Amino acid sequence: MENITKLTPLKQPIVFELEGFIVPQGQGPVLFFLALLNYMVVLLANGIVVGIIVKDRTLHRPMNVMICNLAACDMLGGTAVLIRLMIYLATGQKKILYVEAIAQAFSVHTYGAAVQTLLATMAYDRYLAVCEPLRYHAIMTPSRLLFSCVLAWVVALMCIIVLFALNVGTPLCGTTIKHVYCSNRSILRLACEPTPINNIYGLCMSWSLSFIVPQGQGPVLFFLALLNYMVVLLANGMVVGIIVKDRTLHRPMNVLICNLAACDILGGTAVLIRLMIYFATGQRKIVYVEAIAQAFTVHTYGAAVQALLATMAYDRYLAVCEPLRYHAIMTPSRLLFSCVLAWVVALMCIIVLFALNVGTPLCGTTIKHVYCSNRSILRLACFIVPQGQGPVLFFLALLNYMVVLLANGMVVGIIVKDRTLHRPMNVLICNLAACDILGGTAVLIRLMIYFATGQKKIVYVEAIAQAFTVHTYGAAVQTLLATMAYDRYLAVCEPLRYHVIMTPSRLLFSCVLAWVVALMCIIVLFALNVGTPLCGTTIKHVYCSNRSILHLACEPTPINNLYGLCMSWSLTTGCFLVIAFSYIRILHACIKNSSNTSMRSKAFQTYFYVTWAASQRASTQNSTRPPEVVSYFIIEGITGLREIRTVAFAIFLLAYIFILVGNSMIIFLSWTDPKLNSPMFFFLGNLSIVDVLYTTVTIPNMLSGLLTKTHTISVPGCFLQMYFFIQLAVTGRAILTVMAYDRYMAVCNPLQYTAVMTKPVRCLLIAGAWAFGAFCTLPGTAPSWQQTYCGPNVVRHGWCDPSSVRRLVCGDTSSASILSLASALVALLVTGVLILTSYVLISVSLSKKSMAERLRVFGTCAAHLTVVSISYGSASIVYISYRVGKFPVEVRIIVSVLYTVLTPFLNPVIYSLRNKELRNAVKRTLSRHSRPAFSPKMRTNTVCP
């Protein structure tokens, strides 16, 4: 007798377990913070929309009322998903009760359905406003508006109530929900037997198909696919038939629509027939010829649609812009030619595309898609030179190399020989051409050797040389393009001073600097690889690169990877910012002088080069693999708070939210309020950015530690937290120093203040502050990355504090401690002395002024002085607690935590209380969204004659 496994239905109370996604060890707090930030944005943004619309009676128009409903719907959806997700990320708790699961699923589906019904109602409202403007207010009365909104919600609720009513009594035989949240589909997958009625209703209601066909659902999906195909055939066939039969419809636009309908039939046939075979029989195999035929048809459909749409757009242009000449241009012969041309262009493009694939060796058989396409087939290809094809590929590579050499060599030769071309832009183009020759030589010569001889082996020194040259090429391209963008900025925005600034000596300095920066970055990158033991010999690439070589290392290389990532990011971001700044200023100048055609021609001289570099950056720039997790640290936190963890969590969470809201308010006001366009508020906005980032580095991690018994963090994550914690602290001190200098200029040199503190000077000072923080932090943190940690791995602190992590090192840490202490003292003393010098000079200047002027100056400096005193005072206390051995560890941790939270917490309060302009800006912002519900004018307007 055949054995049949009988599933036993579960009995209530059922507890589900959400499978969710795999959270990397130590990354839970980061993801929790991101989810919390997302949820806060959802609540605040949608809550503001609802509040403003409800409060301001002038906004009680139909469209705004519907937007209010949509915002409420978004809050429902966000609350349904994100709260449960945050609990999982913070505590690792995956279990959920049956009632909670059904409630979450019901809320999620109601949100999805309500969004669609509300959007349909909004579309109907726009239709009335545009097509029936005279009758709009007569139709969309308040009662009908209320009825429309209620109907949208009722339809959504009824659909979902029926959906879940069908699930009542369905026996469940599993508890693991394979999703990050509960939904009707994920719960029904746990049913003991098929649920066709539920599935058919759900599919018909939502019209959503899944390409992973559940057992027994193939016929349903086959029927839906067949219905879809019949609609495509009948609808498009009807369009073609009517246009062909009725001669009065033989107008150009209708003929083009007829071609488009035929194209849709072609695309539907290419995809849906094969899909129906799969749904009906479960057969996934397809012959190579059939796969190529389907891919060719799909791509022809896509290309023909674009070509026909372009032709239709041209037809509409003629009909609207050239109405008198339209029939003379769009004659039947030219219309036929246009249609044939659209199809021929599409076919030729696709024929060439597939002709290039002939003979391409394939090393796989699984196409990861529901239909075949050129891209999905080429993903199965392997770089194997077919027998007898080596000479052909060698010739193509040689031809490519000759073009690179001749074209770029010709550019260099002409510019060098012709003295009339010795202008800055041409000299930079000459350097870029030399860079292209370098990159082409690095890659193509080795490739030609492989094609000609089949020799794949390469000596270690040659591999390093090739990788070094390739990376230097990529870095130099970016630095040279940034220099070219700066040259165009000077030529367009400073034409009278251009030749004074771009002298031959400065041009030479710019070119040398671009090459030196690129070379230094790459030299340091490869210097870190010296002595790295390698345990493999197969480089999985067509040329050698730093990343492909490091893949062969016997052990993880976190230092190399971290430097590679930081260098790539810094170089790319820095060059991009220079280029973006230059072209934004150029665009502004072009708009300002729109009649000057010569200016616009100068502005776009380097556009091609910038676009080209953007496409090449991904392949040439170093992209080292992310650091591998070798081990992890356990953050002990404040052990004395175990009994009041919940209270401490609530206090720190509220403090963090206040820091985010308060500093975000300052950032928003300093950037949006035109009356706060002074240097002081520009620097204050940057200080608030530092405060937000500074607390974000530590507090979310600490909050997670208060919720969980064991709080872990990966080694690279610990080092990054350590670096950014110190870097942002030093950057904050540097910005306070810049603010002290700003106060000194405002008080001691008021007549020169505006001329000195221009926007470029402000940006330069802020950039210097950030650079000071970055470079001053490296000596103190870099030694920690190179140390060996052999246990215990418990960090006795609330986060990865350098001194606490250093205690876990196996060897001697005296040199690292001295270096860390020296860098900390340099950061504190340099900024502290500069701030003190500024205020000493201010005091000397005030001694010569009257009492009224002294009070006025003190009012402008009081907030900054208060912040500086709190910042340096708390830093001194922390330093003393670490240097005095009698301080308990718990006290040190608490002092450090308070130091981290105190300054960012008090900054918004101090500047709001002490600064009248900031208080007025807050009032102006709030007054924009707080109009009274009734005003005398509104009352007088309501009187009818």
Could you tell me whether the range 289-297 includes any residue that is open to solvent by less than 70 Å² (accessible area, probe 1.4 Å), within 23 Å of VAL352 (Cα to Cα) and either aromatic (Phe, Trp, Tyr) or not in a helix (DSSP H, G or I) (or both)? yes
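Yes/no per residue for (1) closer than 26 Å to PHE649 by Cβ; (2) more than 29 Å from the chain's Cα centre (by Cα); (3) in a helix (DSSP H, G or I):
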| site | (1), (2), (3) |
| --- | --- |
| GLY717 | yes, no, yes |
| GLN721 | yes, no, yes |
| ILE735 | no, no, yes |
| MET745 | no, yes, yes |
| THR754 | no, yes, yes |
| ALA771 | no, no, yes |
| LEU778 | no, no, yes |
Where VAL154 falls short, out of the listed (1) surrounded by 18 or more Cβ atoms within 10 Å (Cβ to Cβ); (2) over 24 Å from VAL15 (Cβ atoms); (3) within 39 Å of the chain's Cα centre (by Cα): (1)
Note down all Cβ pairs under 7 Å where the first residue falls in the range 373-397 and is at pLDDT below 80, the second is open to solvent by 40 Å² or more (accessible area, probe 1.4 Å) and part of a helix (DSSP H, G or I), and they're at least six residues apart or on different chains. VAL385/LEU393; GLY390/ALA452
Sort out which residues of the range 510-569 are at pLDDT below 85, closer than 17 Å to ALA467 by Cβ and of a type in the set (Phe, Trp, Tyr), and write them in order of number. TYR543, TYR563
Looking at the range 128-142, is at least one residue polar (S, T, N, Q), out of contact with any strand residue (DSSP E or B) (no Cβ under 9 Å at 6 or more places or on another chain) and part of a helix (DSSP H, G or I)? no
Qualifying positions in the range 325-379 - of a type in the set (Val, Ile, Thr), surrounded by 11 or more Cβ atoms within 10 Å (Cβ to Cβ) and in a loop (DSSP other than H, G, I, E, B): THR331, THR360, ILE367, VAL370
Flag if ALA433 is of a type outside the set (D, E, K, R), in contact with a Cys (Cβ under 9 Å, 6 or more places away or on another chain) and farther than 16 Å from ILE579 by Cα: no
Among the numbered conditions (1) touching a residue at least 40 places away in the same chain (Cβ under 8 Å); (2) β-branched (Val, Ile, Thr); (3) assigned to a helix (DSSP H, G or I); (4) within 30 Å of VAL805 (Cβ to Cβ), tell me where ILE689 comes up short. (1)
Of the candidates ASN198, ASN228, the one satisfying the condition of being modelled with pLDDT of 75 or more and not basic (Lys, Arg) is ASN228
State which residue pairs qualify: first residue among the charged types (D, E, K, R) and inside the range 834-855, second residue assigned to a helix (DSSP H, G or I) in any location, beta carbons under 7 Å apart, and separation of 6 or more residues or different chains. ARG854/LEU846
Which one of these is small (Gly, Ala, Ser) and at pLDDT 85 or above: ALA120, ALA45? ALA120
List the number of the failed condition for THR837; all other conditions in (1) crowded, with 17+ Cβ neighbours inside 10 Å; (2) modelled with pLDDT of 75 or more hold. (1)
So which residues in the range 104-136 are among the hydrophobic types (A, V, I, L, M, F, W, C), under 33 Å from the mean Cα position of the chain (by Cα) and open to solvent by 50 Å² or more (accessible area, probe 1.4 Å)? PHE106, LEU119, ALA120, ALA123
Have a look at VAL809, VAL761, VAL805, VAL747 and point out the one that is modelled with pLDDT of 80 or more and open to solvent by less than 30 Å² (accessible area, probe 1.4 Å). VAL747
ILE242: aliphatic (A, V, I, L, M), open to solvent by less than 70 Å² (accessible area, probe 1.4 Å) and at negative phi, yes or no? no
Mind counting the residues in the range 77-100 that are buried (at least 17 other Cβ atoms within 10 Å of the Cβ), modelled with pLDDT under 85 and part of a helix (DSSP H, G or I)? 7
Residue match in the range 725-745 (condition: of a type in the set (Lys, Arg) and free of Cβ contacts under 8 Å to residues at least 24 places away in the same chain): no
ARG316, sole failed condition from (1) open to solvent by less than 90 Å² (accessible area, probe 1.4 Å); (2) of a type outside the set (S, T, N, Q); (3) in contact (Cβ under 8 Å) with a residue 60 or more places away in the chain: (1)
Conditions (1) without any contact (Cβ under 8 Å) to a residue 12 or more places away in the chain; (2) in a helix (DSSP H, G or I); (3) touching a helix residue (DSSP H, G or I) at 6+ places or on another chain (Cβ under 9 Å) -> VAL461 fails only (3)
Quick one: in the range 544-570, which of the residues that are within 18 Å of the chain's Cα centre (by Cα) and of a type outside the set (Gly, Ala, Ser) is nearest to PHE724 (Cα to Cα)? CYS566
Output yes when any residue across the range 725-740 is under 26 Å from THR573 (Cβ atoms), in contact with a Pro (Cβ under 6 Å, 6 or more places away or on another chain), of a type outside the set (Asp, Glu) and at pLDDT 80 or above, and no when none is. no
Is at least one residue of the range 588-603 open to solvent by 70 Å² or more (accessible area, probe 1.4 Å), modelled with pLDDT of 80 or more, over 28 Å from the mean Cα position of the chain (by Cα) and of a type in the set (S, T, N, Q)? no
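The values are calculated or read from the model by the stated rules, or taken from the named source; none is laboratory data. Model, not experiment: these values are computed from the prediction. As a convention, Cβ positions derive from the backbone with ideal geometry for all residues, glycine included, and neighbour counts pool all protein chains shown. Note: areas computed on protein heavy atoms with side chains; ligands, DNA, RNA excluded. Shrake-Rupley method; radii C 1.70, N 1.55, O 1.52, S 1.80 Å.
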